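I have placed the structure first, in the form of structure tokens, so that the comments after it can refer back to it.
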Amino acid sequence: MVHLFGARSSPSCANYALKRTVQDRSDDIDEEIADTVMKNFYVDDCLKSVDTVDHAKSVVKGLQKALSQGGFHISKWLSNSREVMQAVPASDRAKEIQDLDLDQDVLPIDRALGVQWNVESDMFCFKVHLKERPLTRRGMLSMISSVYDPLGFLAPFMLQAKNLLKDLCRLGLGWDDPVPEKVVERWYLWLNDVEKLSDFSVTRCLKPSLFGKITSAVLHHFSDASESGYGIVTYLRLVDSDERVHCSFVIGKSRVAPLKQVTIPRLELTAATVAVRTDRMVKSEIDIPLNDSVFWTDSMSVLRYIMNTTSRFHTFVANRLSVIHEGSNPDQWRYVSTKLNPADIASRGIPATDLSRHWIEAPEFLWKSILPETTIQVSDSLLDDDPEVKKINFVKSVTNNVTFESIEEDPIHKLILHYSSWLRLKRAVAWILKVRAKLLQRVKCKSSSQSHFSGDIDRGCPDITVHDLNLAEIIVISYTQKNTFPEEIATLASGKYKLKRDSSIRNLDPVLDDGLLRVGGRLNESCMPIESKNPIILPKNCHVSSLIMRQIHQDLNHVGRNQMLSKLRERFWLINAPSAIRKIISKCVVCRRQRGSVGEQKMSDLPEDRVTPNEPPFTRVGVDYFGPFEVKQGRSYVKRYGVIFTCLASRAVHLEVAASLDTDSYINALRRFIARRGQVTKMRSDNGSNFIGANKELKKAITDWNVCQIHDAMLQKNIDWQFNPPADSHHGGVWNE
């Protein structure tokens, strides 16, 4: 089977074939060789690090043998060990070292997955050659993107150039607009600093060659943020059996702060989130057994947020804290001063000459045999005025001698908010009341020392009735009124009839009827039902009021505002009812869909035939049939059709009668129309060229006034025709080319 080279699916197919070779022969292939194929291959490149030379030789031979069974020939081998390269045939070595004398010549500089690798010194290096681009946002972005640095060796240095692009975006410059002089000066300073990267190098191996057996391996992640950016840096701290310590740079990241102003604590928290995600990624890629990671930050606000697990934060902070708590424990986080935090460089930038000393090299305290204990004890208590903590409004409500500090803690309030339907809420409350009554009845029976319960109690709760639903409705409305109008109810219950002037229901002359506030008035002696004489008062901006209006809106099949208001006033009096009803209708999905405006298609421009001025009528014509009409002919009735000729410019109309729908009848009608309104003077084909000069037969037919041949030619060639009425008579005319 052969697959197309260069297709999008080629890398995926190559990886599948490579790994399937190992999977099909898992019994005959060594486990380490199989893991190398599954984890250390990137398309057709293999990168593998081992401890000893003998181990490397065995890996090379094992890979060649295992993959040869699937038809893969592994070549282009390259190693920093000359002994390993001598064990590989010259034909299978990389092109750069095939002609080298491995005993004397210096090993070359090669690329390992895009990163330059000095094989002789076993170090990563950089030789950046930026192509000249115009000094615009587009050109600067192209030059910055050409620096390939996947592990973040140059992250603080590249932050300076990214901040230049950020400043250009803040100024609102286009992609190809000229750059201001101040930015040009900073840009040239950065370009001059790029040339110094040739002296910068990073050791590839995380573990020294003479290092003993590893007893502890811990990843230390540092994070920091500033107004210009935020970033992280990760170091691997190794301790061997002789208690020797070695720290290696693993990865670094530096990102520009967004243009929209963000507070420093939020940026610090974002950097901490990047550190947790980096820890998860590094652990999945590194082969060294690791202990629990340690996270360092110099932000006390971030540490308080992480330690606190009870407060409710705003969405921005809450989402990032969920990532941090999912990937780490609060005990793994420690405080480090800003002076000792290497991630401070990632948030502010640094010249190329200082990368090795302040960025690649780990802080001094990590090199000590015993890490210093943090002297700052971080509590989980937050500041009272912390803007990231959601504010909670406390309202006291008393129900059955039980006081709740917040209305949100009241179980009845939670029950009401749980339902979005007035009918379902009433049914739920009705069932609760019915079960409550049944339990009270059982308690009463036990207290009276009865040996058994009555049969009605043993049968359980029967179904709810209309009476139960009405009782539940009264209880829910009474609870809502007590929470909304506590002072008014207390005043009316004490026997006073005058409410305070600032009361929202003072003008309604309210009365208290069995614990319910109703509208007063002068209709007490009327024979009307009490619901119509004294409707129940409902507060505005209340969940119960919204449920009632929504139920009425559905029962009336989504009618308008006036019908809803009329139906509502039959039992309830809602404060500011028109605006509340308008809000309910505006949020109704069914109403918005049914009453939405119909989409209209914008009409195109009128054709040239419709807008050409200073032409006689019927210069350009459209034709159509209408009818039929029954006409008496002798003693029978026959069908006749109307033929309408319309002038496209003036909309003038000419009518003719056609005896039938056949071709002959149409030709006769066309002949009569031409005879009455004018003769054909010009005919054009579809592409606009003069058709008469190219068709002599048609010209002869028009000259002979043979209408049948004219019509046949028009049908065959799909021709648009024009008419010019003669000036001297209504008939005939002389052909004029």
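Placing unit charges on each Cβ (+1 for Lys and Arg, -1 for Asp and Glu) gives the range 10-157 a dipole about its Cα centre, and among Thr36, Val119, Met140 the Cα reaching farthest toward its positive end belongs to Met140. Put the Cα centre of the range 262-335 next to the Cα centre of the range 58-122 and the gap is 42 Å. Restricting the trypsin sites (Lys or Arg not before Pro) of the range 620-677 to loop positions (DSSP other than H, G, I, E, B) with no more than 16 neighbouring Cβ atoms within 10 Å leaves Arg635, Arg651.
DSSP loop (so not H, G, I, E, B), at most 12 other Cβ within 10 Å: list which chymotrypsin sites (Phe, Trp or Tyr not before Pro) in the range 488-581 pass both filters. Walk me through the numbers before you get to the answer.
Working: sites: Tyr497, Phe572, Trp573; in loops: Tyr497.
In loop regions of the range 488-581 (DSSP not H, G, I, E or B), the sparsely surrounded chymotrypsin sites (Phe, Trp or Tyr not before Pro) are Tyr497.
Among beta bridges from DSSP that stay inside the chain, the antiparallel ones total about 85%. Among Ser421, Ser503, Pro178, which residue has its Cα positioned farthest towards the positive end of the charge dipole of the chain, with +1 placed on the Cβ of Lys and Arg, -1 on the Cβ of Asp and Glu, and the dipole taken about the Cα centre? It is Ser503, whose Cα lies furthest towards the positive end. Looking at the range 208-388 alone, DSSP beta bridges between its own residues are antiparallel in about 75 percent of cases. Taking N as the residue count of the range 208-388, its C-alpha radius of gyration divided by 2.2 N^0.38 Å amounts to 1.04. Amide H to amide H distances under 5 Å link Asp122 with no residue, where only residues 5 or more positions off or on other chains count and H is placed in the peptide plane.
Placing unit charges on C-beta atoms (Lys and Arg positive, Asp and Glu negative, everything else neutral), compute the dipole magnitude of the chain about its Cα centre in debye, rounded to 20. If you can, show how the numbers build up before the last one.
Numbers: 98 positive and 90 negative charges, 963 e Å.
With Lys and Arg at +1 and Asp and Glu at -1, about 4620 debye.
Every helix of 4 or more DSSP H residues in the chain counts as -39500 (n - 2.57), and over all residues that averages to -11500 deg cm²/dmol at 222 nm. List, in order, the whole-Hz ³J(HN,Hα) value for each residue of the range 283-289 obtained from phi through the Karplus relation with A = 6.51, B = -1.76, C = 1.60 and θ = phi - 60°; use x for Gly and Pro. Karplus values, whole Hz, x for Gly and Pro: 4, 6, 9, 7, 9, 7, x. Residues whose amide H lies under 5 Å from that of Phe572, counting only those 5 or more places away or on a different chain, are Ile536; hydrogens are built 1.01 Å from N in the peptide plane. Our coupling estimate for the range 242-249, obtained by passing each phi through the Karplus curve with A = 6.51, B = -1.76, C = 1.60 and θ = phi - 60°, is 8, 6, 7, 10, 9, 10, 10, 6 Hz, Gly and Pro reported as x. Couplings 3J(HN,Hα) of the range 551-562, computed from phi: 5, 5, 4, 6, 5, 8, 6, 6, 7, x, 6, 5 Hz, in residue order, whole Hz [Karplus 6.51 cos²θ - 1.76 cosθ + 1.60, θ = phi - 60°; x for Gly and Pro].
Give me the dipole magnitude in Debye, nearest 20, for the range 208-388 about the Cα centre, with unit charges on the beta carbon: positive for Lys and Arg, negative for Asp and Glu.
Values: 18 positive and 23 negative charges, 90 e Å.
Here the size comes out at about 440 debye.
Taken together, the values in this text are just the output of simple stated rules run on the coordinates, not laboratory data. Since the structure is predicted, the reported quantities are computational estimates derived from the model, not experimental observations. Cβ atoms come from the backbone with ideal geometry, glycine included; neighbour counts cover every protein chain shown.
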